[in-house]
Amino acid sequence: MSSDSGRADLVEQIRECKACGLCELMPFKPIPGVGPLSAQIVVVGEAPGHDESVIEEPFVGLAGRMLDRLFAESGIDRSQVFICNTVNCRPTDTGKKNRPPKKTEIDACKHWLFKQIKLVKPKIVFTLGKVPTSTILSLKPTVKLGDYLGNEHTAKTNTRSYLTTSSYHP
């Protein structure tokens with residue numbers, strides 16, 4: 001199987017997923033990651049917000065504009081970065097206000113995150129916020145993000161290890 005067909009299959013599986021139950025509450029589909037499979041950097045956020053759910057792409061709202069500025073200031077071309085989220089559906093209790101994903105939602109979705117990272121094979125995974133940091137590094141949800149900011153860590157999957165660093169969510 002080529003990586004392009006593997007990606008197409010994975011995107012279709014993510015789009016059809018209903019495991020976390022979030023998509024049952026919203027009129028939006030789960031949102032897979034975007035970017036080249038040859039990316040050296042994978043950026044992982046928490047979950048899609050309203051704008052992301054409407055446009056069906058990660059980091060296109062206010063946080064995305066802030067991330068674009070960060071990329072520009074760092075000399076990074078966004079089109080060369082793979083961007084995804086820990087949870088693929090927008091977590092909301094009211095349909096209007098975003099909320100952090102619950103542990104059960106993270107547990108239901110995180111295998112999609114790791115499958116996307118495995119497909120890309122990046123040199124570094126850059127986590128934005130407590131949820132992706134604790135998920136990628138297999139930490140307890142009570143972890144203090146400040147203890148991990150700007151530090152390099154090694155995250156391990158069944159098949160490989162990769163460098164990770166963390167920041168606050170924009």
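For the stretch 1-146, with all protein chains present and a 1.4 Å probe, just round the carbon and sulfur fraction of the accessible area to a whole percent.
Result for the stretch 1-146: 56 percent of the exposed heavy-atom area is carbon or sulfur.
Would you mind working out the accessible area per residue for the chain, using a 1.4 Å probe, and quoting it in Å²? Working shown, then result.
Working: 8970 Å² over 170 residues.
I get 53 Å² per residue for this part.
Which residue, T135, T127, T154, has the most motion in a Gaussian network model of the chain that connects Cα atoms within less than 10 Å?
T154
Going through the cross-link list K102/K130; K29/K96; K18/K156; K18/K121; K29/K97, which pairs have a Cα-Cα distance over 20 Å in this structure? Spell out each step's value before the answer.
Numbers: K102/K130 13 Å; K29/K96 16 Å; K18/K156 27 Å; K18/K121 26 Å; K29/K97 17 Å.
Distance filter (> 20 Å) returns K18/K156; K18/K121.
Set Lys and Arg Cβ to +1 and Asp and Glu Cβ to -1, take the dipole of the stretch 1-158 about its Cα centre, and tell me which of L37, T104, Q13 lies farthest positive.
T104
The values are calculated or read from the model by the stated rules, or taken from the named source; none is laboratory data. What you see is a predicted model, and the numbers here were worked out from it, not measured in a lab. Counting neighbours? That spans all protein chains shown, and the Cβs are built from the backbone with ideal geometry, glycine included. Accessible surface areas use protein heavy atoms only, side chains included; no ligands, DNA or RNA. Shrake-Rupley method; radii C 1.70, N 1.55, O 1.52, S 1.80 Å.
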